[in-house]
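Below: one structure, written as structure tokens.
The values are calculated or read from the model by the stated rules, or taken from the named source; none is laboratory data. It should be emphasised that the depicted structure is a prediction, and the values quoted were computed from it without experimental measurement. Glycine also receives a Cβ, built like all others from the backbone with ideal geometry; neighbour counts cover every protein chain displayed. Note: accessible area is taken over every heavy atom of the protein model, side chains too, but ligands, DNA and RNA are not part of it. Shrake-Rupley method; radii C 1.70, N 1.55, O 1.52, S 1.80 Å.
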Amino acid sequence: MSDETLAYVLEAPAAPLVAREVVIPPPGPGEVIVEVIACGLCHTDLGFADGSVRPTKPLPLVLGHEVVGTVTVVGEGVSLAPGTRVIVPAVLPCGKCAFCRAGRGNACPDQKMPGNDIDGGFATHMRVPAHPLVPLEDLPASVDLRLFSVVADAVSTAFQAVRRAELAAGDVVFVIGAGGVGGFVAQIARARGARVAVCDVNAERLAQALRFGASHACDVRERTPQDVRKELHALARGWDVPSLRWRIFECSGTPAGQTLAYGLLARAATLLQVGYTPKTVELRLSNLMAFDATMHGTWGCPPEAYPEVLRLIAAGQVVLEPFVEHAPMSALNELLDALAHHRLERRMILDPRR
Ligand SMILES: [Zn+2]
Ligand SMILES: [Zn+2]
């Protein structure tokens, strides 16, 4: 029940997370308590934990924003029944403002992000607004529910980026950074009928991308952006696709990746900035002008887009299992350290009861 919650709490920047018994107040109107089945570990959690990014809610804070769980207690005016299994999206829009009404809920100024604006999913239970939750219905009994935690951010963010890019069948997609989100961009773009080339500095990730969605992999270690640009532009021209149908997804969240992605722009091409780094890069913005090119930022995914993500998964067009690994939540500090030192090949899914 909600009065016996074990949570892994960030109490000071760059300090290890501390396991604490905490008391979650009962849900208010429009809120529910979700019992966490599993929570994914994201690079963003590392940024908060190591002190390089400051969360919105003052510490102490429970991190974690990739949650699948079961509704246990419902507040006044909530239509979800206790027992409903749900995805808790990483972006919980208010649902009422001008942004939400315009279908841009992922940019809602009143949005709540678990593990940033409110306490998150590195816990056995959490309290969240009910209306943005995504019910998981009609799943075969054999489905491993824990896998759906990664839909809350890694998969849905990739989906929204592809949506924002207005990707069409036959387009060419360049993915910079084939880990986490980038790997799912490759799968979703392929499912939409695009031809996909991925760039990364990790041979294992490139091999994985070739197995799931990509038809070309480019190991960019020790290579200049100019050199990579030559290769990828020649590839797309070889596929006979004009640059107005090129979509570049920057998913690495590194200055080098951003520089490369920007360098790949060409006439009427489109760049989506998906990854995050607090660092800056120097760019000649006039290239956008000269190329009549387009650049979009993309953040999270509005809840109303989730059913389509779930359909892609149900149809087997997006697979989750080969991209994840399971671990006990009690190993969080070691896993954060491994993430910081690039020792994790897959997205970790954490069990709060272990
Ligand atoms: Zn995340
Ligand atoms: Zn809103």
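How many nm is it between the label spots at Ser79 and Val53, if each spot is 7 Å from the Cα in line with the beta carbon?
3.3
Among the trypsin sites (Lys or Arg not before Pro) within region 191-259, which fall in a DSSP loop and have no more than 13 other Cβ atoms within 10 Å of their own Cβ? Don't jump to the answer; show the numbers that get you there.
Details: sites: Arg192, Arg195, Arg205, Arg211, Arg221, Arg223, Arg229, Lys230, Arg237, Arg245, Arg247; in loops: Arg192, Arg221, Arg223.
Passing sites in region 191-259 are Arg221.
State in Å² the accessible area per residue of region 203-280; use a 1.4 Å probe, count heavy atoms of protein chains only, and round to the nearest integer.
Roughly 50 Å² per residue, with all protein chains present.
Please compute one quarter of the surface area of the Cα convex hull for region 283-331 and express it in square nanometres. Show your work: numbers first, answer last.
Values: hull surface 29.4 nm².
Value for region 283-331: 7.4 nm².
Using just the Cα positions, wrap region 1-66 in a convex hull and report its mean projected area in square nanometres, one decimal place.
Details: hull surface 19.7 nm².
Its Cα hull, projected and averaged over all orientations, spans 4.9 nm².
For region 25-125, which trypsin sites (Lys or Arg not before Pro) are in a loop by DSSP, counting at most 15 other Cβ atoms within 10 Å? Each step should come with its number before you reach the end.
Values: sites: Arg85, Lys96, Arg101, Arg104, Lys112; in loops: Lys96, Arg104.
Here the sparse-neighbourhood loop sites are Lys96, Arg104.
For region 224-301, which GluC sites (Glu not before Pro) are in a loop by DSSP, counting at most 13 other Cβ atoms within 10 Å?
On the way: sites: Glu231, Glu250, Glu282; in loops: Glu282.
Within region 224-301, the qualifying GluC sites (Glu not before Pro) (loop, at most 13 other Cβ atoms within 10 Å) are Glu282.
If you average the alpha carbon positions of region 164-204 and of region 144-161, how far apart do those two centres end up, in angstrom?
A separation of 16 Å, based on Cα centres.
What is the distance in Å between the Cα centres of region 75-109 and region 310-354?
Between the Cα centres of region 75-109 and region 310-354 lies a distance of 25 Å.
So for region 174-258, taking the charge dipole from beta-carbon charges (+1 Lys/Arg, -1 Asp/Glu), which of Pro225, Val201, Ala189 sits furthest toward the positive end?
With unit charges placed on the Cβ atoms, the residue in question is Ala189.
Once fully extended, how much extra length lies between Ala191 and Asp240, figured as 0.36 nm per residue of separation less the alpha-carbon to alpha-carbon distance? Don't skip to the answer; put the middle values down first.
Numbers: separation 49, 0.36 × 49 = 17.64 nm, distance 1.99 nm.
Working it through step by step, the gained length comes to 15.6 nm.
Springs between alpha-carbon pairs under 10 angstrom, Gaussian network model over the chain: which of Val71, Val22, Val172 fluctuates most?
Evaluated over the chain, the most mobile residue of the options is Val22.
Name the residue from Gly213, Val319, Leu139 whose Cα lies farthest towards the positive end of the charge dipole of the chain, charges +1 on Cβ of Lys and Arg and -1 on Cβ of Asp and Glu.
The residue sitting most towards the positive pole is Gly213.
With r as the distance between the Cβ atoms of Ala169 and Ala290 and R0 = 35 Å, compute the FRET efficiency 1/(1 + (r/R0)^6) and round to 0.05. Before the final figure, lay out the partial values.
On the way: r = 29 Å, r/R0 = 0.82.
With a Förster radius of 35 Å, E is 0.75.
By what distance, in whole Å, do the Cα atoms of region 208-354 stretch along each of the three principal axes, largest value first?
55, 35, 29
Considering the zone a paramagnetic label at Ala256 would reach in this model (a point 7 Å from Cα along the Cα-to-Cβ line), which residues of region 307-350 have amide N under 19 Å from it?
In region 307-350, the label zone of Ala256 (backbone N under 19 Å from the point 7 Å along Cα→Cβ) covers 339-346.
Using a 1.4 Å probe on the protein chains only, how many percent of the accessible area of the chain belongs to carbon and sulfur?
Values: 8310 of 15630 Å².
Of all accessible area on the chain, carbon and sulfur atoms account for 53 percent.
Considering only protein heavy atoms, what is the solvent-accessible area of His341 at a probe of 1.4 Å, reported in Å² to the nearest 10?
110
For region 216-354, what's the relative contact order in percent, using C-alpha pairs closer than 8 Å and at least 6 residues apart?
Numbers: 151 pairs, mean separation 22.0, N = 139.
After rounding, I find 16 percent.
If the only charges are +1 at each Lys and Arg Cβ and -1 at each Asp and Glu Cβ, what is the size of the charge dipole of region 147-276 around the Cα centre, to the nearest 20 debye?
Values: 15 positive and 11 negative charges, 66 e Å.
Magnitude of the dipole: close to 320 debye.
Relative to the compact globular guide of 2.2 N^0.38 Å, what is the alpha carbon radius of gyration of the chain, as a ratio?
Numbers: Rg = 20.1 Å, N = 354, 2.2 N^0.38 = 20.5 Å.
So the Cα radius of gyration is 0.98 times the expected 2.2 N^0.38 Å.
Please compute the length gained on full extension between Ala19 and Asp110, using 0.36 nm multiplied by the number of residues separating them and subtracting their Cα-Cα distance. Intermediate results must be reported in sequence, preceding the final value.
Values: separation 91, 0.36 × 91 = 32.76 nm, distance 2.94 nm.
Extra length from Ala19 to Asp110 when fully extended: 29.8 nm.
Report, in debye and to the nearest 20, how large the dipole of the chain comes out about its Cα centre when Lys and Arg carry +1 and Asp and Glu carry -1 on their Cβ.
With Lys and Arg at +1 and Asp and Glu at -1, about 1140 debye.
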